[in-house]
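Rule-based calculations on the coordinates, nothing more; no lab input. Every value quoted in this text rests on a predicted model; they were computed, and no experiment measured them. FYI the Cβ positions are ideal-geometry reconstructions off the backbone, even for glycines, and counts take in every protein chain you see.
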Amino acid sequence: MTIRRRTAGLAALAVLLAGCSGLPGGDGSGDSGNSDGSGGSGVESGGGRPGVDATGKPVAAGTFDTPVAEGAKVEIAVMGLRVRGKLATLTMRLTPRLPATTEQTPNPYELNGRDGLDTALIDPVNLKRYVVVKDSAGNELQTDYITVDTRNNQPSLHTYTFAAPPENVKSLDLQYGSWPTFRNIPVER
């Protein structure tokens, strides 16, 4: 039984790594961020290429309130959505901005008001919703939003794996926690 769980865990890790490998880093090319017209939500979309490190240029970003403490914020950046084979890997960067008097290592669950993130991709044209896929053991192929190491004022990377959208889908919307929807996230192939 233990060997089977380890094998499933290694297989899940291999899928995640395969989905992340080959992503180009932020090369500084592309347009600067443009407002998505969401009524001042702070969500921006830019022409940067997706990257797998915390320093690349995001394709969308925003700073939002978090109920962790009064005056607390969280910077959320969509680093990219990359299709490889039948899977699509979403890479996100979270940076908590908390007052010094607050607990300094909040996880995404706490940043989202002690609620699950329920990360989903929305295809508004074909009216489809993509949820995080599960491995053969029933585990979601995503960063664990409770045990991930997240520190105040330090970016942390989070990945989520979905079934790949059809070839003709060029962009998707992203629902991430209780924060405003990120619109028109480009699908990199």
D_trans [Stokes-Einstein, Kirkwood Rh over alpha-carbon pairs] for the stretch 55-103, 4 °C, 1.567 mPa s, µm² s⁻¹: 105 µm²/s
List, in order, the whole-Hz ³J(HN,Hα) value for each residue of the stretch 61-70 obtained from phi through the Karplus relation with A = 6.51, B = -1.76, C = 1.60 and θ = phi - 60°; use x for Gly and Pro. 7, x, 10, 10, 5, 9, x, 4, 7, 5
Structure shown: which of LYS57/LYS128; LYS134/LYS170; LYS86/LYS170; LYS86/LYS134; LYS128/LYS170 lie over 22 Å apart, alpha-carbon to alpha-carbon? LYS57/LYS128; LYS134/LYS170
Among residues other than LEU98 whose Cβ falls under 13 Å from its Cβ, what is the net charge (Lys/Arg +1, Asp/Glu -1)? -2
Through the Karplus equation 6.51 cos²θ - 1.76 cosθ + 1.60, θ set to phi - 60°, convert the phi angles of the stretch 166-175 into ³J(HN,Hα) values in whole Hz; use x for Gly and Pro. x, 3, 6, 8, 9, 8, 9, 8, 10, 9
Net charge within 13 Å of GLY85 by Cβ-Cβ distance, Lys/Arg positive one each and Asp/Glu negative one each, not counting GLY85 itself? +3
Using a 7 Å offset from the Cα along the Cα-to-Cβ direction at both THR102 and GLU70, what is the distance between the two label points in nm, to one decimal? 1.3 nm
Provide, in order from the shortest bin, the percent of all Cα-Cα pairs of the stretch 143-188 in each 10 Å bin, continuing until the bin that contains the maximum pair distance. 20, 44, 30, 7
Globularity ratio of the stretch 70-189, using Cα Rg and 2.2 N^0.38 Å: 1.10
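What do you get for Rg/Rh of the stretch 89-146 when both radii come from the Cα atoms and Rh is the Kirkwood radius?
1.06
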Along the stretch 75-88, Karplus-curve 3J(HN,Hα) (6.51, -1.76, 1.60; θ = phi - 60°) to the nearest Hz, with x for Gly and Pro, reads 8, 10, 10, 8, 7, x, 10, 10, 8, 9, x, 9, 10, 10
Find out how many positive minus negative residues lie around LEU117, taking Lys and Arg as positive, Asp and Glu as negative, among other residues whose Cβ is under 11 Å from that of LEU117. -4
